[in-house]
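Worksheet: one structure, shown below.
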Amino acid sequence: MVALESTLRILSLGAGGFIGSHLASHLLARGHTVTGVDIHSDKIGELLEHPGFTFVRQDIRDTGFEVERLVAEADVVIDLIAYANPGLYLRQPLDVFHLNFTENMKIAEACVARGRRLVQFSSCEVYGKTVARAAPGKLIDPEDPALATFREDETDFILGPVSKHRWIYASAKQLLERVLHAYGLEGRLDYTIVRPFNFIGPKIDYLPSDTPGFPRVFPHFMEACLKGTQMKLVDGGRNRRCYTDIEDAAACIGLIVENPGGVCARQIFNVGSPKNEVSIRGLAELMRDLYATKLARPGARLPSIVDVPAREFYGPGYDDSDRRIPDISKARTLLGWEPRYDLRETLERTMRHYLAANGS
Ligand code: UDP
């Protein structure tokens with residue numbers, strides 16, 4: 001690990017979530033101090049005693065939340081506040097808009113008012129669909145990975161119609177990015193935007209039967225392993241994702257927070273593992289295979305893999321990103337970062353975490 005010239009006072013809003021919890025551990029190990037704000041602390045139990053960590057249990061939507069005071073006390077602000085699960089985009093689109101845009105704007109404006117640097121989490125969802133999905137049957141080679149390899153400052157965004165309300169999340173994040181860019185153009189905000197590509201690791205989400213929420217695909221498949229039930233493939237599991245180990249992600253975002261030589265000023269970074277591309281069907285098969293060959297108790301019932309129509313699984317308003325591969329040349333060049341973990345390794349570690357947490 002490279003020694004730091006100076007340590008930072010970091011305000012992390014949303015520190016109790018999946019990304020926030022891993023990131024806070026990483027930043028504390030680097031010698032920084034972190035003030036974490038969140039409604040929940042169950043994912044950061046082990047950090048609460050850390051001398052460098054201060055926890056503020058707070059809903060940022062509460063009228064009494066003193067965002068400007070906390071921002072003023074920090075050197076850098078990380079904004080992770082988000083509803084970031086597709087199930088929520090479909091069930092609570094207005095809440096998704098208000099939290100991901102309106103509330104995030106207040107944080108950005110506090111950074112403008114107090115002259116603080118902002119590391120804003122956005123999403124690879126902003127890229128939307130590929131040209132191949134938008135123009136079916138029109139391309140010579142729709143499988144060319146170049147069509148799905150997204151570059152931060154060049155790729156156009158292709159989102160579905162308003163009636164597919166899943167896109168409200170991508171639209172809110174996109175608009176937020178554009179507002180930060182505009183503040184930057186006026187020289188009023190020093191910001192860096194992070195676009196995560198399907199981070200995965202321990203604590204990613206609760207299992208569907210554990211909470212009333214609607215988690216991402218990994219916990220659905222994990223629960224199917226634990227209970228020997230069905231892994232459900234929405235629309236045949238044809239869509240593809242590039243899964244990124246949360247440890248790789250935290251290392252990259254740690255560099256973005258530290259901002260060596262100011263290289264991250266007014267930059268957008270894809271953070272992802274291009275080599276880890278897999279279809280959702282492939283993910284189900286890989287998890288079932290890992291479970292059967294390495295993790296299950298002898299005689300355990302294995303999950304089955306079944307197809308379900310999207311409308312049955314999500315209800316109306318569903319649409320999807322078909323494929324998204326991060327171009328990470330910017331993170332490589334400016335930060336010297338390279339993802340290290342392959343998907344099998346990451347899945348095994350993550351599955352072991354859930355098995356241990358469920359007494360298996
Ligand atoms: N999906 C699935 N079965 C599930 C949950 C999700 O086939 O039990 C699909 C979903 O339709 C999408 C992909 O898995 O194509 C990834 O969904 P996720 O909720 O993990 O988040 P996203 O990557 O879309 O943000």
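Bear in mind these aren't lab numbers, they're just calculated from the coordinates by the rules spelled out. Here the structure is a predicted model, which is why all the values come from computation and not from measurement. Backbone-built Cβ (ideal geometry, glycine too); neighbour counts: all protein chains shown.
For the stretch 199-358, the number of Lys pairs with C-alpha atoms closer than 23 Å, counting only pairs eight or more positions apart or on separate chains, is 7. Listed by chain and number, the aspartates and glutamates placed with their C-alpha closer than 20 angstrom to that of K138 are D156, D320, D322; residues fewer than eight positions away on the same chain are left out. The 3J(HN,Hα) values that the Karplus relation (6.51, -1.76, 1.60; θ = phi - 60°) gives for the stretch 263-279 are, in residue order, 5, 8, 4, 6, 10, 10, 10, 6, 10, x, 10, x, 6, 9, 6, 8, 7 Hz. Gly and Pro appear as x. Bridging of K106 to lysines at a Cα separation below 23 Å is possible for K173, once same-chain residues fewer than 8 apart are set aside. For the pair the stretch 36-54 / the stretch 221-291, the C-alpha centres are spaced 24 Å from each other. Taking the chain, how much of its Cα-Cα pair set, in percent, is spaced more than 31 angstrom apart? Above the 31 Å cut-off, the chain has 33 percent of its Cα pairs.
Across the options G336, L159, H26, the greatest Cα extent toward the positive end of the charge dipole of the chain (unit charges at beta carbon of Lys, Arg, Asp, Glu) belongs to L159. Taking other Cβ atoms within 10 Å as a rough exposure proxy, S21, S273, S304 sort from fewest to most as S304, S273, S21. Taking all Cα pairs closer than 8 Å and separated by 6 or more residues, the relative contact order of the stretch 1-78 comes to 36 percent.
Note on the chain: with a GNM built from Cα contacts shorter than 10 Å, the maximum mean-square fluctuation among A72, A15, A170 falls on A72. For the chain, set up a GNM with springs between Cα atoms under 10 Å and report which of L180, L13, L226 has the largest fluctuation. Among L180, L13, L226, the largest GNM mean-square fluctuation belongs to L226. The stretch between R91 and D42, if pulled fully straight at 0.36 nm per residue, gains 15.2 nm over its current Cα-Cα span. Derived scalar couplings between HN and Hα for the stretch 230-236 equal 9, 8, 9, 9, 6, 6, x Hz in order, rounded to whole Hz, by the Karplus curve 6.51 cos²θ - 1.76 cosθ + 1.60 (θ = phi - 60°), x for Gly and Pro.
Taking 7 Å steps out from each Cα toward its Cβ at H50 and L302 produces label points 4.0 nm apart.
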